[in-house]
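What follows is a single structure, written as structure tokens, with notes after it.
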Amino acid sequence: MAQTFTYRLPEMGRVMIRIGIKGGPLMRNLVQWEPRIAGEVTEYWNGMDENNLFNLRNDPNFKMIVTYFTLPETSFITYGNKDVSYREYRSVNIPRFVKEKRPRKDRPDKLSPHYELSRLDDYAPKITMTFPQAEEESSNEIPVIKGKTLVRVELDKDEKEFFTNQQYEVAFFLDKVFYAEEEVGYSPYNWVWDLSNVKEGEHVLTVNLSSFKDQIGILSRKVRVVK
């Protein structure tokens with residue numbers, strides 16, 4: 001069911017909205033540097049995480065962060081194209097007007113890691129998480145795992161080189177609580193998960209793949225632990 005929330009921008013800007021758990025994982029990249037007008041803005045969100053496993057609105061540790069960069073006063077925001085993203089549009093090799101090069105203003109003392117990234121390069125990576133040694137329940141494809149099981153996290157093949165060159169870390173959260181991390185990530189990343197201290201039953205494993213420039217890929221999967 002569609003739900004909304006509103007906020008107010010003092011000026012026209014590009015907006016990023018992240019939703020997660022305080023002290024826990026980032027659970028959803030709701031808006032990724034989309035242009036928004038000044039004044040009251042309405043966003044649509046069903047209250048769920050990236051993979052529709054948790055109702056985050058009901059979590060007492062729910063946290064939302066809204067960040068924006070100001071757009072130039074002469075900017076135009078257009079509407080109506082829901083089929084092609086800005087990155088897809090700019091990747092098409094067609095003749096375009098080339099802006100005149102202008103000297104940059106002095107850099108602020110405290111820079112966001114997003115400040116100098118192109119909008120074409122500043123996006124959340126797409127990732128997969130698989131359990132190669134697991135069985136899957138045919139009814140709902142929940143991996144059935146036990147003992148020591150392999151967890152494999154991989155970047156999308158088209159994004160692997162870009163994010164590997166930036167460096168990133170991989171963190172795991174079990175039922176929204178921090179569980180393990182690797183500060184120097186690589187793809188594919190293989191982690192041997194010792195389930196001896198995990199209770200039997202269904203759990204949700206969430207992975208955050210975070211670049212050193214604060215681009216965060218998110219994926220959660222439900223698993224069934226058996227003893």
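Among the residues of segment 24-56, write down those that are of a type in the set (Gly, Ala, Ser) and more than 14 Å from Val207 (Cβ to Cβ).
Ala38, Gly39, Gly47
Scan segment 61-80 for residues that are hydrophobic (A, V, I, L, M, F, W, C) and either open to solvent by less than 70 Å² (accessible area, probe 1.4 Å) or over 16 Å from Ser112 (Cα atoms) (or both) and jot them down.
If the condition is that a residue be hydrophobic (A, V, I, L, M, F, W, C) and either open to solvent by less than 70 Å² (accessible area, probe 1.4 Å) or over 16 Å from Ser112 (Cα atoms) (or both), then Phe62, Met64, Val66, Phe69, Leu71, Phe76, Ile77 are the ones that fit.
Take the conditions part of a strand (DSSP E or B) and open to solvent by 40 Å² or more (accessible area, probe 1.4 Å) and apply them to Arg8. Does it pass?
Yes.
Arg102: modelled with pLDDT of 95 or more, loosely packed, with under 14 Cβ neighbours inside 10 Å, more than 30 Å from Val177 (Cα to Cα) and over 14 Å from the mean Cα position of the chain (by Cα), yes or no?
Criteria not met by Arg102.
Give the residue, chosen from Pro35, Pro10, that is in contact with a strand residue (DSSP E or B) (Cβ under 8 Å, 6 or more places away or on another chain) and not polar (S, T, N, Q).
Pro35
Among the residues of segment 17-41 satisfying the criterion of being in contact (Cβ under 8 Å) with a residue 60 or more places away in the chain and under 11 Å from the mean Cα position of the chain (by Cα), which is farthest from Asn208 (Cα to Cα)?
The qualifying residue farthest from Asn208 (Cα to Cα) is Gln32.
Do the conditions hold for Tyr79, that is, is it closer than 22 Å to Gly217 by Cα and at pLDDT 70 or above?
No.
Report, by residue number, each residue of segment 59-72 that is under 22 Å from Glu34 (Cβ atoms), of a type outside the set (Ser, Thr, Tyr) and touching a residue at least 12 places away in the same chain (Cβ under 8 Å).
Phe62, Lys63, Met64, Ile65, Val66, Phe69, Leu71
Give segment 42-59 a look and list any residue that's crowded, with 17+ Cβ neighbours inside 10 Å and within 12 Å of the chain's Cα centre (by Cα), or say none.
Asp49, Glu50
The values are calculated or read from the model by the stated rules, or taken from the named source; none is laboratory data. Computed from a prediction, not measured in an experiment: that's the story for all the values here. We place every Cβ from the backbone using ideal geometry, glycine too, and count neighbours over all the protein chains shown. For the accessible areas, the whole protein counts, side chains as well, though only heavy atoms, and no ligand, DNA or RNA atoms are used. Shrake-Rupley method; radii C 1.70, N 1.55, O 1.52, S 1.80 Å.
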